[in-house]
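> Here you go, one structure.
The values are calculated or read from the model by the stated rules, or taken from the named source; none is laboratory data. What you see is a predicted model; the values in this text were computed from it and never measured. Don't worry about glycine lacking a Cβ; one is built from the backbone with ideal geometry, like all the others, and counts go over all protein chains shown.
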Amino acid sequence: MNKITILWVDDEIDLLKPHILFLEGKNYKVVTSQSGQDALEELKNSFFDIIFLDENMPGISGLETLTEIKKLDASIPVVMITKSEEEYIMDEAIGSKIADYLIKPVNPNQILLSLKKSLDNSRLVSEKTTANYQQEFRKIAMDLSMVNSHEEWVELYKKLIYWELQLEEIEDSGMFEILESQKTEANSQFGKFVDKNYRDWFKNGDGPIMSHTLFRNKIQPELEGHKTLLVIIDNLRYDQWLAFEETLSVHYKKKQESAYYSILPTATQYARNAIFSGLMPLDMEKKYPDWWKNDTDEGGKNLFEAQFLDAQLKRLGLSLKWEYHKINNLKQGKQLAQNFRSQKDNDLTVLVYNFVDMLSHSKTEMEVVKELASNDKAYRSLTLSWFKNSPLLEIIQQAQNLGMKLVLTTDHGTINVKQPSKVIGDRDTSLNLRYKTGRSLTFEDKDVLASKNPQDIHLPNINLSSSYIFAKNDLFFAYPNNYNHYVSYYRNTYQHGGVSLEEMIVPFVVLEAK
């Protein structure tokens with residue numbers, strides 16, 4: 001293995017001989033320069049792993065040398081060393097993306113620590129993360145055998161996401177495969193838990209906060225005395241929220257982060273209408289037959305969200321000045337961002353943003369998106385890239401400037417489907433890949449949560465003998481006709497409507513403007 005090569009630039013380099021001997025004794029190779037100009041010549045002719053750079057030198061200063069180094073090689077780590085404790089020098093150096101900042105006199109162990117931070121960081125983090133997960137693996141396995149409440153499932157799912165994000169940083173494929181197997185086992189157990197308990201959540205009041213109780217229990221308390229922007233990003237998973245949380249933290253500080261459960265089916269027409277109406281689909285159909293549409297009905301299924309919300313606000317006795325906006329494309333987003341100041345007098349501004357749902361459907365239909373979002377890590381990365389460059393971030397910045405509280409949530413999540421499950425139904429059976437409703441459904445019992453009487457779970461009957469089935473784990477429904485083509489087309493795409501941790505346990509976040 002090649003030695004790590006250090007370029008040390010200091011006009012008093014002779015005084016640093018003990019430090020250099022110490023590093024050479026640790027098997028580092030040290031090349032020295034006594035001026036910024038000499039250092040730049042060295043850098044043009046040789047490769048260095050890291051540069052130690054004195055700030056106060058005759059000729060071109062350390063800061064000027066740093067600027068030129070970054071022009072030659074922006075990726076090389078530079079450690080700035082200075083006698084000065086003046087803040088402007090620290091600001092300049094940090095602004096130029098230095099790896100570390102040391103104040104003289106420095107001792108050899110400080111230099112060694114700086115080297116490890118800059119060059120050995122990823123290896124040391126990788127080893128520590130792997131060791132920590134190996135220890136945690138046994139605890140998660142034990143939790144999986146004992147978890148028995150909706151609160152415990154939220155905590156376990158958050159723990160699995162935490163380790164997924166940690167392990168993806170270190171790129172240890174072996175550990176990642178172990179985690180994937182734990183996630184698969186967790187979804188299998190979660191499917192059994194939901195199958196056993198879901199119906200009772202509507203009876204005894206012991207259930208979690210769900211789509212139809214979200215506004216009353218979680219959103220309404222945040223509206224008192226504070227102008228609020230409520231953002232519902234369609235189809236946003238918990239891990240995707242964590243992917244862009246840091247970007248958002250520049251403008252907002254997190255006051256509360258929690259999770260709630262999407263109702264079944266975990267599909268927009270059911271879950272999001274339930275949020276806005278404060279009702280389950282069966283009650284929506286009975287109370288507002290002109291606004292509710294079943295799967296087999298013609299026309300858009302989410303065209304009356306504002307009307308549902310208006311009715312709920314009146315039912316809750318809330319007298320608010322509010323507006324509702326739905327963004328389905330870039331042009332609509334830009335228009336709202338440009339005109340957002342017009343919302344400043346509203347008590348509540350509601351924004352439904354549909355990009356993530358479009359992204360998951362595009363992955364099904366477009367080869368280029370299949371390449372860009374080939375797995376969950378890539379899917380998160382694509383979500384982050386969108387968010388950083390979206391009108392939604394501009395809108396949130398405008399809300400910050402107006403001092404608005406931000407409440408951010410979603411209607412349901414999505415899961416990468418891997419395995420087909422055969423289903424047979426008549427021509428009126430719904431088309432969704434993760435749930436089906438219709439008459440005379442034939443299916444694999446072990447693969448689904450089935451509801452032969454939809455009223456038990458507060459869903460409407462399309463006709464008297466209709467039932468619902470919801471896919472568990474990472475399964476998707478496929479008809480026997482043209483089976484192989486169908487399976488090939490939909491495998492490894494993102495779908496929703498069924499029973500999984502990713503689809504049902506979704507984020508609810510309250511933030512205050514910085």
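> Does the range 401-415 contain at least one residue that is buried (at least 21 other Cβ atoms within 10 Å of the Cβ), in a helix (DSSP H, G or I) and either modelled with pLDDT under 90 or touching a Gly at 6+ places or on another chain (Cβ under 8 Å) (or both)?
No, because not a single residue in the range 401-415 is buried (at least 21 other Cβ atoms within 10 Å of the Cβ), in a helix (DSSP H, G or I) and either modelled with pLDDT under 90 or touching a Gly at 6+ places or on another chain (Cβ under 8 Å) (or both).
> Further question: So, Lys326, is that one out of contact with any Gly (no Cβ under 8 Å at 6 or more places or on another chain), part of a loop (DSSP other than H, G, I, E, B) and in the same structural domain as Leu279 (by TED's automatic domain parsing) or not?
When the stated conditions are applied, Lys326 does not pass them.
> Against the conditions (1) closer than 23 Å to Ile275 by Cα; (2) in contact (Cβ under 8 Å) with a residue 12 or more places away in the chain, where does Asp200 fall short? Just the number, please.
(2)
> Next question, about the same structure. Is it fair to say Ser145 is crowded, with 16+ Cβ neighbours inside 10 Å and either outside the structural domain of Asp195 (by TED's automatic domain parsing) or part of a helix (DSSP H, G or I) (or both)?
no
> Kindly indicate the residue of the range 443-468 that is out of contact with any helix residue (DSSP H, G or I) (no Cβ under 8 Å at 6 or more places or on another chain) and more than 19 Å from Pro480 (Cα to Cα) and also surrounded by the most Cβ atoms within 10 Å (Cβ to Cβ) among those meeting that condition.
Ile462
> Which numbered condition in (1) buried (at least 22 other Cβ atoms within 10 Å of the Cβ); (2) part of a helix (DSSP H, G or I) is the only one that Arg216 fails?
That leaves (1) as the condition not met.
> Here's another thing I want to ask about it. Can you go through Tyr260, Tyr238 and tell me which one is more than 15 Å from the chain's Cα centre (by Cα) and in the same structural domain as Gly300 (by TED's automatic domain parsing)?
Exactly one residue qualifies, and that residue is Tyr260.
> Let me ask you something else. Might you check whether a residue that is surrounded by 17 or more Cβ atoms within 10 Å (Cβ to Cβ), touching a His at 6+ places or on another chain (Cβ under 8 Å) and among the aliphatic types (A, V, I, L, M) occurs anywhere in the range 420-437?
no
> Then there's this: So Thr383 fits all but one of (1) surrounded by fewer than 22 Cβ atoms within 10 Å (Cβ to Cβ); (2) in contact (Cβ under 8 Å) with a residue 40 or more places away in the chain; (3) of a type in the set (S, T, N, Q); what number is the exception?
Failed condition: (1).
> Let me ask something else. If you scan the range 474-514, which residues turn out to be of a type in the set (S, T, N, Q) and surrounded by 24 or more Cβ atoms within 10 Å (Cβ to Cβ)? Reasoning before the result, please.
Of all residues in the range 474-514, those of a type in the set (S, T, N, Q) come to 481-482, 484, 488, 492-493, 495, 500.
Within the range 474-514, Gln495, Ser500 meet the criteria.
> Here is a further query. Mind listing whichever residues of the range 472-486 are of a type in the set (A, V, I, L, M) and either more than 16 Å from Asn432 (Cα to Cα) or touching a Phe, Trp or Tyr at 6+ places or on another chain (Cβ under 6 Å) (or both)?
Within the range 472-486, just Ala478 meets the criteria.
> What's the number of the condition Ser46 fails, among (1) within 19 Å of Glu12 (Cα to Cα); (2) at pLDDT 90 or above; (3) among the hydroxyl-bearing types (Ser, Thr, Tyr)?
Answer for Ser46: the failing condition is (1).
> Here is a check on your reading of the model: is Ile161 surrounded by 13 or more Cβ atoms within 10 Å (Cβ to Cβ), modelled with pLDDT of 90 or more and part of a helix (DSSP H, G or I)?
yes
> Considering only residues that are touching a helix residue (DSSP H, G or I) at 6+ places or on another chain (Cβ under 6 Å) and either closer than 21 Å to Glu164 by Cα or of a type in the set (Val, Ile, Thr) (or both), look in the range 349-369 and name the one that is modelled with the highest pLDDT.
Here the answer is Thr349.
> In the range 90-106, what residues are surrounded by fewer than 19 Cβ atoms within 10 Å (Cβ to Cβ), free of Cβ contacts under 8 Å to residues at least 60 places away in the same chain and outside any strand (DSSP E or B)?
Result: Met90, Asp91, Glu92, Ile94, Gly95, Ser96, Lys97, Ala99, Lys104, Pro105.
> Filter the range 460-509 for residues that are of a type in the set (A, V, I, L, M), farther than 17 Å from Tyr198 by Cβ, part of a strand (DSSP E or B) and not assigned by TED's automatic domain parsing to the domain that holds Trp291 and give the result.
Our first condition is that a residue be of a type in the set (A, V, I, L, M); within the range 460-509, this holds for 462, 464, 469, 471, 475, 478, 487, 499, 501, 504-506, 509.
Then drop every residue that is not farther than 17 Å from Tyr198 by Cβ, which leaves 462, 464, 475, 478, 487, 509.
From the residues that got through so far, the ones that are part of a strand (DSSP E or B) too are 475, 478, 509.
Across the range 460-509, the qualifying residues are Leu475, Ala478.
> Give just the number: which of (1) under 30 Å from Ser319 (Cα atoms); (2) not assigned by TED's automatic domain parsing to the domain that holds Gln398 does Glu224 not satisfy?
All conditions are met except number (2).
> Only residues that are among the hydrophobic types (A, V, I, L, M, F, W, C), closer than 16 Å to Asn389 by Cα and surrounded by 13 or more Cβ atoms within 10 Å (Cβ to Cβ): list them for the range 314-336, please.
Within the range 314-336, Ile327, Leu336 qualify.
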